[in-house]
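Chemist: Structure in structure tokens, see below.
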Amino acid sequence: MDSKSFQNEPGKQESKKASLTVQDRLLELFVDMARSRNEEKVLKASLQATLDITTELTGAEKGSLFLLDDHQVVVDSILTREEATAVQRKNLIGTVLNKGLAGWVIRNREIGLISDTREDHRWLTLPDQPYSVLSALAVPIIARDKELLAILTLLHAKAGHFGQESARLMQTTADQIALVLENVKLYAKLEDSYKALDKAKTALDNELEKGKKIQKDFLPDELIQPQGWEICAYFHPALQVSGDFYDVFPLGHNTLGIVIGDVCDKGVGAALFMALFRSLIRVFSRYGRSWGPDSSPESLPERSTKDSKGLDPLYALQAVSLTNDYIELNHGKEGYFCTLFFGVLNPESGVLHYINAGHEPPFIVNTRGVKTRLLSTGTAVGLMPGSKFDHAEIIIEPGDIFIGYTDGVSEARNPKGELFTQDRMISLLNQPVSSASRLMEHIRTHLSAHVDHAPQSDDITMLSIGRSA
């Protein structure tokens with residue numbers, strides 16, 4: 001090692017020590033920012049501390065730190081010139097970066113050292129400048145990917161204050177500052193992303209909440225209660241919106257339409273099709289004879305049976321086949337279908353004419369337990385055009401209770417992943433109850449105990465109709 005190198009070695013060691021000191025202090029500030037809920041405030045404090053640390057290391061009287069964006073436009077600045085007004089600071093930033101020493105550093109991407117501003121063309125003395133500068137040092141803060149992150153300028157009123165030792169010290173320190181600023185920039189981008197995601201999530205939640213309210217309007221606010229009958233329902237979607245639905249509506253001539261359905265899938269798409277299926281069943285069940293080429297009385301099944309007031313429930317049941325063909329014709333590409341039970345109930349006689357389109361078979365129970373099941377009479381609605389749906393009929397006797405449900409009941413899982421099962425459902429139905437509402441509550445209590453705190457995997461819907469004994 002020659003004498004010159006030996007003489008420079010202490011200076012290099014001092015520079016390295018100083019740069020590590022800067023790095024430690026800046027990293028502490030960055031950690032504080034990461035822990036803070038007010039990132040913008042802490043970032044501002046971090047930048048101010050960066051400037052304060054460098055002025056302390058070099059003995060500078062004043063300084064500036066300009067943050068640049070990807071187009072090298074100043075996006076933020078920290079100044080130690082407390083005596084400068086807001087207007088002066090704004091004019092100072094634009095002018096200095098365009099024509100002064102900082103502008104030269106931006107163009108050349110190297111340290112700018114001025115020992116005497118009176119003899120260096122790179123220095124620009126501003127009119128009415130509120131401070132005196134004879135020595136200046138400007139340092140580019142460059143990221144590892146060569147992006148120019150910031151310009152640091154240090155000023156002193158004494159000529160020759162900054163020399164090669166100051167330049168070497170700030171060159172080493174600049175790398176540490178760049179590392180911290182890169183992390184700060186990355187952190188800011190992550191925060192912006194998180195905020196954008198939170199904003200999008202909030203907007204989506206708001207829209208889903210609107211959808212939930214709209215969907216709720218498709219379900220009956222109050223269920224019709226014919227004299228001598230009790231009708232109740234339970235509806236609990238797995239998500240904010242659901243593919244399950246139920247309906248009870250008047251058909252005229254003292255009859256009621258009874259519907260419980262389950263559109264495949266869950267979420268927004270299923271909810272939209274749920275509204276469509278529900279509306280089509282209502283419309284076609286009332287005006288079915290005016291739809292389609294095969295809507296004449298001669299086209300009805302041979303078992304067509306008119307009630308005492310001349311209403312043929314099979315006209316209403318045509319709604320299932322008409323809905324099936326409409327969905328397949330107009331929306332077949334979407335691939336949505338619906339299992340559905342649709343019945344026409346005459347409360348006076350207790351006769352229930354129905355079609356079970358691939359749905360979970362409802363039960364008829366009484367005080368002795370399960371009396372019968374209303375099995376499927378056709379495929380799900382919307383699977384194939386021209387599907388044929390057979391109909392069946394049953395009399396709900398005094399003391400009988402009809403209970404329909406979706407597969408979200410039998411397939412509800414507990415925390416261990418075990419299903420509620422249809423066998424458990426049948427076991428509950430075989431326990432005597434006195435009314436439709438008590439039967440509903442009996443099932444709900446056991447279902448809730450089974451699911452416990454497990455996340456709900458499917459929509460749950462039940463419809464119970466009891467005839468007084």
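No lab work stands behind these numbers, since they all come straight from the coordinates. What you see is a predicted model; the values in this text were computed from it and never measured. Backbone-built Cβ (ideal geometry, glycine too); neighbour counts: all protein chains shown.
Chemist: Rounded to the nearest 20 debye, what is the charge dipole size of the stretch 210-467 about its Cα centre when +1 sits on each Lys and Arg Cβ and -1 on each Asp and Glu Cβ?
Modeler: 340
Chemist: Follow-up. Relative to the compact-globule scaling 2.2 N^0.38 Å, provide the ratio for the alpha-carbon radius of gyration of the stretch 321-385.
Modeler: 1.37
Chemist: Tabulate in residue order the Karplus-calculated ³J(HN,Hα) for the stretch 372-379, using 6.51 cos²θ - 1.76 cosθ + 1.60 with θ = phi - 60°, rounded to whole Hz; enter x for Gly and Pro.
Modeler: 6, 10, 9, 5, 5, 10, x, 7
Chemist: I'd like the Karplus ³J(HN,Hα) series for the stretch 401-417: coefficients 6.51, -1.76, 1.60, θ = phi - 60°, whole numbers in Hz, and an x wherever there's a Gly or Pro.
Modeler: Per residue, the Karplus-derived 3J(HN,Hα) values read 10, 8, 10, x, 7, 9, 5, x, 6, 5, 9, 5, 10, 8, x, 8, x Hz.
Chemist: Explain nothing, just the number: dipole magnitude of the stretch 344-451 about its Cα centre with +1 on each Lys and Arg Cβ and -1 on each Asp and Glu Cβ, in debye rounded to the nearest 20.
Modeler: Rounded to the nearest 20 debye, it is 280 debye.
Chemist: Here's a follow-up. If one puts a single equal scatterer on every Cα of the stretch 300-425 and applies the Debye formula without solvent, what log₁₀ I(q)/I(0) results at q = 0.16 Å⁻¹?
Modeler: With one equal scatterer per Cα and no solvent, log10 I(q)/I(0) is -0.89.
Chemist: First obtain the Kirkwood hydrodynamic radius of the stretch 210-467 from its Cα pairs, then insert it into the Stokes-Einstein equation at 20 °C and 1.002 mPa s, and state the resulting D in µm² per second as a whole number.
Modeler: This corresponds to a translational diffusion coefficient of 115 µm²/s.
Chemist: On average over all directions, what projected area in square nanometres does the stretch 374-433 have, based on the convex hull of its Cα atoms?
Modeler: Answer in nm², one decimal: 6.3.
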